[in-house]
């Protein structure tokens, strides 16, 4: 009996011990489950945050790309509108330039047609006097106009359309050889000044009077084409000349710097009748006309009024 009781007590103790151990294992399992659950929750939260960040970044990137696309489209639209506006603005300018070019061509044609219709007539002193009056009309006072007034006594031979350059000069100065002898020692002061409309015409005029040069007449080239003013100054300072042929602007420059002197000038000839390719004469070209008038006012007319020189129209 005693043995049976002791065995039963041992069994009870073993059962108690087993129950305690079972409860401890259960508690441990619960703790493990809680830890695993916490870890899973944390992982899930992290995954959710990561996914939210990713989605947010993707949304931001999409918004940025959409903004960039919209800006690009706006810029394209702006460039299109600008190009259209430029085209709209430039088109009338281009049209205006074309119209002005056509007008200029029409003016040139009309001017050349008008000059072609005009007939050359013998020149008279009134041709120059009326031109000077028109040029200075409403620009000068009556006193100033009186100082510049010319009359027929200031003129010499005017071309009647029968003379060449050589025949005109020989008729103008029939005894030119005697006059030339007295100028052999004079430097830079010719006997005759011939005013041409251009350097090309002056060169042609010099070739046309080759006969006089063969007879001993010395000619000075007083134009700007292919000629430096420094070389012309040196030539006039070292050589005596009998006829000076050139353009009005270069003559005025040489007179004002003292190289060309008017002390012994007896005749000033305006090469009036010759026509260029456009059928323009000396006084038909606006720029040349103003240069001729300036030369006349400053240097020629004062000498004409003293009676020491005369003017001729060729």
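The values are calculated or read from the model by the stated rules, or taken from the named source; none is laboratory data. Treat the numbers as computed from the prediction; the structure is a model and nothing was measured. Here the Cβ positions follow ideal geometry from the backbone for every residue, glycine too, while neighbour counts run over all protein chains shown.
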* Would you mind stating whether residue 127 is modelled with pLDDT of 65 or more, touching a strand residue (DSSP E or B) at 6+ places or on another chain (Cβ under 9 Å) and in a helix (DSSP H, G or I)? => yes
* Which residues, counting only those in segment 172-221, are within 29 Å of residue 290 (Cα to Cα) and assigned to a helix (DSSP H, G or I)? -> 172, 199, 200, 201, 202, 203, 204, 205, 206, 207, 208
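With segment 231-314 as the region, which strands (runs of 3 or more DSSP E) entirely inside it contain at least 3 residues that are more than 17 Å from residue 131 (Cα to Cα), touching a strand residue (DSSP E or B) at 6+ places or on another chain (Cβ under 9 Å) and in contact (Cβ under 8 Å) with a residue 40 or more places away in the chain? It would help to see each step written out before you state the result.
Values: elements: 243-246, 267-270, 310-313.
In segment 231-314, 243-246 are the strands (runs of 3 or more DSSP E) which contain 3 or more residues that are more than 17 Å from residue 131 (Cα to Cα), touching a strand residue (DSSP E or B) at 6+ places or on another chain (Cβ under 9 Å) and in contact (Cβ under 8 Å) with a residue 40 or more places away in the chain.
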